[in-house]
């Protein structure tokens with residue numbers, strides 16, 4: 001029954017999406033209303049139905065059987081809906097239709113042609129993804145004969161951060177679809193209606209960028225707490241696949257400000273909007289086709305890869321050729337001074353695109369080599385750290401200066417007076433932190449000073465409450481400063497110790513003495529575990545904390561996971577992972593001393609808050625427009 | 001001039017997509033790991049044998065016949081899964097099967113082999129994983145085919161499945 005209903009709802013979504021494409025072409029408002037709402041409701045229902053099946057453990061559905069189990073906690077039964085390929089496609093469609101609805105809400109008589117064209121393109125994208133789901137990844141396939149229980153869910157994915165990571169990431173990726181549609185609509189129409197398309201594009205880009213940021217951050221949180229490798233970013237192809245649209249999104253967001261203020265760079269923004277979404281889709285392609293292996297690899301199926309690739313070719317081919325033909329109209333000669341706010345944004349733009357290209361090259365380089373020479377190589381952290389990271393340093397420097405500079409042209413004589421307070425503040429804070437951590441290398445010193453540079457600039461402007469600054473921007477930039485502080489600190493001052501410990505022996509890391517007290521068996525809702533018990537003392541022999549890392553065994557999926565145990569404060573994390581071992585020879589224990597990690601998460605959260613403030617401010621702007 | 005430059009993004013885009021497309025349609029296994037040891041001599045090592053009292057010296061053993069080397073452990077579930085295939089190899093003529101018992105308890109191993117059947121003509125003990133390092137073992141189970149001249153011809157990471165079983169058979173026949 002459920003399978004029929006689910007398939008019916010999916011077909012209904014497909015029907016509405018195709019209809020929306022045609023009625024938007026004709027710009028018939030009444031029919032557009034019906035199709036947009038119909039599409040939203042049918043997608044909501046089909047997603048809700050799959051979620052309901054997961055919650056009640058309806059094992060007559062193959063997708064539930066393969067990914068769920070009655071003993072799974074309710075929270076993970078729900079997140080299990082998008083923890084697999086088929087269900088995640090359904091979520092992707094749902095997010096697409098929600099953005100579709102928001103675009104529709106902007107419709108009025110002044111912009112009707114423009115919005116209708118945008119909805120037409122959005123309908124085309126949605127149709128493509130619904131077709132993909134129905135043809136290659138149907139979540140409503142029947143399980144026959146019905147089973148008493150399911151196969152269970154990959155336990156490494158049972159983590160609160162990871163449970164909400166995909167929906168946030170999808171809001172990011174799919175948000176760029178709206179920017180893409182607006183860009184293509186603008187190019188097609190030649191902007192005869194004289195609508196300020198950039199004002200419409202901005203809230204979508206802001207939303208996409210904000211949610212992509214927090215989505216990526218949660219992925220890093222998961223990697224840090226769940227994988228037990230002591231780090232939070234590994235330059236894995238799929239991490240890169242989310243980082244690249246983020247970089248282009250950052251460039252896009254800032255160039256849009258220049259377009260708003262100066263009407264310059266319009267063609268550039270149109271191209272960035274197209275590329276940001278194409279990179280999002282290519283990211284999906286890399287994950288779902290199995291062309292690259294990574295920690296994220298879903299089920300490998302070449303037919304899916306070919307479909308997504310064909311669809312990407314269609315979207316990219318159409319939009320980029322259109323850009324090649326029509327963007328000339330959007331070139332203008334509103335040149336501006338380099339030494340000004342818009343000049344600094346432009347420099348950052350170029351740097352972001354260069355970083356993105358560098359990451360892109362590193363990610364696909366193994367594929368290029370394999371295609372042309374049949375050799376296999378892997379490109380990892382050393383490449384990215386020595387290419388992408390150094391380009392980030394000037395970008396951060398400019399980011400610190402940019403917001404202080406005036407629009408149009410900055411008086412060079414005034415600049416010194418302007419930056420003096422933040423230079424002083426940066427000096428004090430950097431001096432303080434280097435006296436605590438006392439370790440010096442070029443990238444480290446540069447990173448820390450730049451982080452404080454950003455932080456002090458934004459704190460000072462926030463403190464002065466200057467009217468002509470966007471509060472969302474200041475908050476987000478402050479978050480970036482804290483993020484850089486955390487990233488730099490945890491990269492340059494990390495200490496690692498891997499040793500074999502027997503009960504009642506100890507290990508030393510930084511100023512901490514860690515004693516292995518005992519090891520016990522523990523039982524969880526759907527796993528059994530070996531739990532180590534460690535007591536941490538500081539140099540004065542005071543007990544700091546007790547840490548209890550676990551090795552879990554999930555009998556249903558027959559898999560093991562390691563649960564790191566972490567003690568966090570504002571200055572550092574102590575991170576313990578329990579490895580293999582036995583009573584006679586002791587256990588392998590990995591201990592990490594990770595300074596300032598907490599600031600990465602705080603920074604990301606503050607960026608998110610800044611993004612939300614900006615979105616609401618920009619929505620107000622649009623309301624005034626209509 | 002400017003107009004021509006505007007076509008560049010679409011050209012780049014299609015070049016990259018064609019490479020992806022090519023990689024999708026050719027037969028490839030992204031999880032297959034190349035081994036530097038391929039077509040080289042087996043590493044030199046010495047170790048104890050589980051059932052025999054004499055030392056196992058690699059330079060004396062790897063010659064004159066095709067040898068399948070299988071890294072396994074009793075605590076490794078996939079090793080149990082592939083055990084049926086290892087047994088089939090031990091019944092095949094013209095090939096010797098050697099097991100290397102990785103980081104394991106010898107008593108448990110003897111019991112394990114008693115229960116499941118012992119397909120190995122010799123079981124070597126690799127208590128601390130030294131031998132595995134010499135062979136560049138990525139994760140167990142892992143299987144190597146060594147030809148009669150002591151040269152490694154094939155490496156497979158992970159349990160042997162039906163497909164891999166057929167593939168290994170082909171390689172053995174080629175090297176006979």
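The values are calculated or read from the model by the stated rules, or taken from the named source; none is laboratory data. Predicted model, so just to flag it, every value in this text is computed and none were measured. Here the Cβ is made from the backbone with ideal geometry for all residues, glycine too, and neighbour counts use every protein chain on show.
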Q) farther than 30 Å from residue A:559 by Cα, out of contact with any strand residue (DSSP E or B) (no Cβ under 8 Å at 6 or more places or on another chain) and surrounded by fewer than 16 Cβ atoms within 10 Å (Cβ to Cβ): does that describe residue A:461? A) no
Q | Only one of A:144, A:140 that is within 29 Å of the chain's Cα centre (by Cα), at pLDDT below 95, in a loop (DSSP other than H, G, I, E, B) and over 18 Å from residue A:284 (Cα atoms) | A | A:140
(Q) So residue A:372 passes all but one of these: (1) in a helix (DSSP H, G or I); (2) within 30 Å of residue B:18 (Cβ to Cβ); (3) within 27 Å of the chain's Cα centre (by Cα). Which condition number does it fail? (A) (3)
Q: Could you please give the count of residues in segment A:366-385 that are within 20 Å of residue A:242 (Cα to Cα) and away from chain B (no Cβ under 11 Å)?
A: 7
Q) Is it the case that some residue within segment A:422-432 is away from chain B (no Cβ under 14 Å), under 25 Å from residue A:234 (Cβ atoms), at pLDDT 85 or above and part of a helix (DSSP H, G or I)? A) no
**Q.** Yes/no for residue A:246 being in contact (Cβ under 8 Å) with a residue 12 or more places away in the chain, within 25 Å of residue A:622 (Cα to Cα) and part of a helix (DSSP H, G or I)
**A.** yes
Q: Only residues in segment A:217-228 that are touching a residue at least 24 places away in the same chain (Cβ under 8 Å) count as the first member; pair them with residues that are surrounded by fewer than 20 Cβ atoms within 10 Å (Cβ to Cβ), Cβ under 6 angstrom, at least 6 apart or cross-chain, and list the lot.
A: A:218/A:161; A:220/A:233; A:221/A:161; A:222/A:161; A:228/A:562
Q | Subset of segment A:301-322 (residues that are within 10 Å of chain B (Cβ to nearest Cβ), surrounded by fewer than 15 Cβ atoms within 10 Å (Cβ to Cβ) and in contact (Cβ under 8 Å) with a residue 24 or more places away in the chain) | A | A:303
Q) Filtering segment B:24-51 down to residues that are out of contact with any strand residue (DSSP E or B) (no Cβ under 7 Å at 6 or more places or on another chain) and at pLDDT 80 or above, which residue is surrounded by the most Cβ atoms within 10 Å (Cβ to Cβ)? A) B:45
(Q) Filter segment A:143-160 down to the residues that are surrounded by fewer than 17 Cβ atoms within 10 Å (Cβ to Cβ) and in contact with a helix residue (DSSP H, G or I) (Cβ under 6 Å, 6 or more places away or on another chain) and list them by number. (A) A:147, A:151
Q | Criterion: at pLDDT 85 or above and within 11 Å of chain A (Cβ to nearest Cβ) - qualifying residue of B:66, B:19 | A | B:19
Q. For segment A:562-585, what are the residues that are at pLDDT below 80 and either buried (at least 16 other Cβ atoms within 10 Å of the Cβ) or in a strand (DSSP E or B) (or both)?
A. A:580, A:581, A:582
Q | Residues being assigned to a helix (DSSP H, G or I) and over 17 Å from residue A:249 (Cβ atoms) - total across segment A:157-183 | A | 9
Q: Find the residue count for segment A:230-268, including only residues that are more than 22 Å from residue A:483 (Cβ to Cβ), surrounded by 20 or more Cβ atoms within 10 Å (Cβ to Cβ) and within 14 Å of another protein chain (Cβ to nearest Cβ).
A: 3
Q | Test set (1) more than 25 Å from residue A:163 (Cβ to Cβ); (2) at pLDDT below 95; (3) crowded, with 22+ Cβ neighbours inside 10 Å - residue A:121 fails condition number | A | (2)
Q) Which of the residues spanning segment A:464-492 are within 23 Å of residue A:391 (Cβ to Cβ) and surrounded by fewer than 20 Cβ atoms within 10 Å (Cβ to Cβ)? A) A:491, A:492
Q.
Here are the criteria: (1) surrounded by 24 or more Cβ atoms within 10 Å (Cβ to Cβ); (2) modelled with pLDDT of 85 or more; (3) more than 15 Å from residue A:353 (Cα to Cα). Tell me which single one residue A:222 does not satisfy.
A. (1)
Q: Being touching a strand residue (DSSP E or B) at 6+ places or on another chain (Cβ under 8 Å) and in a helix (DSSP H, G or I) is the filter; apply it to segment A:586-626 and report the residue that is surrounded by the most Cβ atoms within 10 Å (Cβ to Cβ).
A: A:597
Q. When segment B:111-141 is examined, which residues are found to be surrounded by 16 or more Cβ atoms within 10 Å (Cβ to Cβ), in contact (Cβ under 8 Å) with a residue 24 or more places away in the chain and more than 19 Å from residue B:46 (Cα to Cα)?
A. B:112, B:119, B:140, B:141
Q | Residue count, segment A:328-369 (criterion: under 21 Å from the mean Cα position of the chain (by Cα), closer than 29 Å to residue A:413 by Cβ and in contact (Cβ under 8 Å) with a residue 60 or more places away in the chain) | A | 2
